[in-house]
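Here is the structure we will look at.
Quick note: the coordinates plus some simple rules give every number you see, no bench work behind them. Everything numeric here is computed off the predicted structure, so don't read it as measured data. Cβ sites come from the backbone with ideal geometry, for glycine too, and all protein chains shown count toward neighbours.
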Amino acid sequence: MEKSSQQEIWFLTGSQHLYGVEALKKVAEHAAEIAGFLDRSGKLPVRLVCKPTLTTPDEIQAACQEANNAPQCIGVVTWMHTFSPAKMWIAGLTRLAKPLAHLHTQYNRDLPWAEIDMDFMNLNQSAHGDREFGFIGARLRLDRCIVVGHWQDEEVLAKLDLWARAASGLAESRQLKIGRFGGANMREVAVTGGDRVEAQIKFGWAINGYAMGDLVKRIDAVDEALVAPLLDEYEALYHVAPELQKGGARRESLRRAARQELGMRAFLKEKQLGAFTTTFEDLYGMDQLPGLACQRLMAEGYGFGAEGDWKTAAMVRVMKVMGRGLAGGASLMEDYTYHLAKGEERILGSHMLEICPSIAEHKPTLEVHPLGIGGKADPCRLVFAAGPGAGVNATLVDMGGRMRLVVNDLDVVRPSAPTPKLPVACAVWIPKPDFKRGCEAWILAGGAHHSAFTQALTAEHLETFASMVGIEMIHINAETRIPALKKELRWNDAAYKLGI
């Protein structure tokens with residue numbers, strides 16, 4: 001797995017001076033060994049850095065404040081090798097602004113039954129040292145991930161990886177800039193709107209509008225020398241339809257699509273935008289909707305939302321960052337239409353054009369076809385289908401005063417038959433727990449018709465992220481029962497109104 005070279009997790013070990021200098025030397029040696037193993041395991045998405053053992057309130061507070069001020073630090077993992085009185089941790093933990101994982105482990109895996117003595121007991125006190133630390137976390141109402149098990153266990157590495165990915169998503173969220181080309185939602189649509197100021201307070205997202213005229217100027221100013229290499233790249237990566245190939249009757253459409261991609265990428269880089277939206281109701285100055293450009297920019301890592309949907313654009317970007325190095329991709333998705341044959345119910349998810357090829361099972365086809373809405377020239381697009389396997393849909397909705405993340409576990413399946421007259425990218429799935437209850441639960445929770453779709457992440461990744469940012473998450477899964485969900489939604493409404 002390729003690690004981010006710009007991000008770190010800090011490993012903070014707690015102890016105290018009660019046990020003497022030699023014991024503290026052993027604590028430092030063991031902590032360095034554990035941290036080194038975790039860092040070299042290849043199972044974490046970022047570096048893990050061992051920090052000096054913390055033995056006083058001042059040291060702990062300084063370490064937490066240093067973590068806050070270090071841009072490369074995206075979270076801290078704590079471990080109490082010996083007993084570390086938790087009052088020492090109050091000043092530091094109440095100031096800590098980075099995600100916290102509590103590793104409840106022990107240096108030795110097996111007890112040396114025949115040789116164990118009080119020196120061993122005094123040194124290896126994680127069993128109750130971590131409980132002391134756990135109490136202060138509960139007393140302070142801290143959001144934290146608790147990881148239990150021996151530090152060499154695969155389950156421990158997997159849970160730390162999951163937490164670290166959520167922490168990387170939070171780090172991205174806190175600096176994310178989103179551009180809204182055209183600056184508006186699709187007219188009269190409710191669910192894609194929302195409180196952008198509240199979103200910046202809660203997530204850190206800076207959401208601003210940009211004029212289509214300024215984007216079109218950038219597209220028109222694209223150096224023609226850059227277009228030919230991009231067209232060659234298309235030829236290498238995709239099955240290009242004959243009419244779009246060199247000498248083909250529609251080659252000019254592909255040239256225009258390439259100029260859109262180059263101009264949009266330049267604009268996004270200049271404004272340091274990590275996500276963006278467009279809407280087919282505002283294409284002023286464009287001759288075709290930028291379907292191919294949006295698809296390829298998403299594949300590059302940008303978040304995208306159609307019809308001005310900045311919440312989905314942000315979630316696609318955050319999920320792409322969380323899923324770095326994992327197979328499966330992430331994309332804008334829309335519940336488009338149903339197959340309702342008895343016992344074979346499923347959902348065809350797609351969009352007009354803008355589905356990310358990172359979810360494609362096979363090499364996409366590059367085609368051009370009429371769109372039917374928008375009133376522009378026939379747009380180019382990549383056509384493909386997602387492969388079978390587990391997946392999730394996640395949609396962020398503004399409930400008025402708070403955000404709710406609705407997540408549905410999916411069984412992604414191949415399309416039942418070819419769709420030669422529907423030239424769009426798509427995914428087909430059966431929602432958990434089944435079609436009827438999955439759809440009913442989604443609608444009860446207020447889930448949108450747009451979502452961020454992934455086969456790289458799980459609901460647990462998203463639940464960890466939601467916990468870090470302090471928002472409600474509704475998880476629709478194999479265990480979901482409608483009466484219980486109705487109660488959960490009512491309880492959540494009450495809890496958030498009371499500020500619990």
Check: So which of 202/320; 342/363; 311/432; 202/436; 363/421 end up more than 26 Å apart, counting from Cα to Cα?
Finding: 342/363; 202/436
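Counting DSSP beta bridges with both partners in the chain, what percentage is antiparallel, nearest 5?
Antiparallel bridges make up about 45 percent of those DSSP assigns within the chain.
Stretched out fully, how many nm does the piece from residue 344 to residue 127 gain, at 0.36 nm a residue minus the Cα gap? Walk me through the numbers on the way to the answer.
Numbers: separation 217, 0.36 × 217 = 78.12 nm, distance 5.10 nm.
73.0 nm is the gain from fully extending residue 344 to residue 127.
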Margin query: For a quick size check, give me the Cα extents of segment 112-239 along its three principal axes, largest first, whole Å.
Written below: 78, 41, 23
Next item on the list: Please sort 459-469, 288-298 by packing, taking for each peptide the average over its residues of neighbouring beta carbons within 10 angstrom, highest first.
Entry: 288-298, 459-469
Notebook entry, point to check: Which angle between 0 and 90 degrees, to the nearest 10, do you get for helix 57-69 versus the longest principal axis of the chain when only C-alpha atoms count?
Noted result: 10
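What order do you get for 150-160, 378-388 when each peptide is scored by the mean count of other beta carbon atoms within 10 Å, highest first? Before the final figure, lay out each step's value.
Working: 150-160: 16.1, 378-388: 23.4.
Packing order, densest peptide first, comes out as 378-388, 150-160.
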Notebook entry, point to check: So who's got an amide H within less than 5 Å of the one on residue 276, skipping anything under 5 residues away but keeping other chains? H placed 1.01 Å off N, in plane.
Noted result: 179, 303, 304, 305
Notebook entry, point to check: Of 380, 112, 148, whose Cα points farthest to the positive end of the dipole of the chain (charges on the beta-carbon: +1 Lys, Arg; -1 Asp, Glu; origin at the Cα centre)?
Noted result: 380
Next item on the list: Calculate the all-directions average of the projected area of segment 437-500's alpha-carbon convex hull, and give it in nm².
Entry: 5.0
Notebook entry, point to check: Suppose R0 equals 35 Å; then what is the FRET efficiency for residue 336 and residue 97 from their Cβ-Cβ distance, rounded to the nearest 0.05?
Noted result: 0.30
Notebook entry, point to check: Using unit Cβ charges (K, R positive; D, E negative) and no other charged atoms, how large, in debye to the nearest 20, is the dipole of the chain about its Cα centre?
Noted result: 840
Checklist line | FRET E, pair residue 232, residue 390, Förster distance 25 Å, beta-carbon r, rounded to 0.05 | finding: 0.10
Next item on the list: Above 43 angstrom, tally the Cα pairs of the chain and express them as a % of all pairs, no decimals.
Entry: 24
Next item on the list: Only Cα pairs under 8 Å and at least 6 apart count here; give the relative contact order of the chain as a rounded whole percent.
Entry: 12
Next item on the list: Return one number: the angle in degrees, 0 to 90 and rounded to the nearest 10, between the long axis of the Cα atoms of helix 126-139 and the longest principal axis of the Cα atoms of the chain.
Entry: 60
Check: If each Cα of segment 361-466 is one equal point scatterer, what is log10 of I(q)/I(0) from the Debye formula at q = 0.21, 0.22 Å⁻¹?
Finding: -1.13, -1.17
Next item on the list: Give me the distance in nm between label points sitting 7 Å out from Cα along the Cα-to-Cβ direction at residue 18 and residue 284, one decimal.
Entry: 7.0
Margin query: I need the calculated FRET efficiency for the pair residue 37 and residue 220, taking r as the beta carbon distance and R₀ as 41 Å, to the nearest 0.05.
Written below: 0.15
Item checked: Gain upon complete extension [residue 190, residue 488; 0.36 nm per residue less C-alpha separation] -> 104.9 nm
Notebook entry, point to check: Hey, what angle do you get for helix 227-237 against the long axis of the chain, alpha-carbon based, 0 to 90 degrees rounded to 10?
Noted result: 70
Next item on the list: Starting from the amide H of residue 472, placed 1.01 Å from N in the peptide plane, find each other amide H under 5 Å away whose residue is 5 or more places distant or on another chain.
Entry: 403, 405
Notebook entry, point to check: Where does the chain land at 222 nm, in deg cm²/dmol rounded to the nearest 500, when only DSSP H runs of n ≥ 4 count, each adding -39500 (n - 2.57), divided by all residues?
Noted result: -12000 deg cm²/dmol
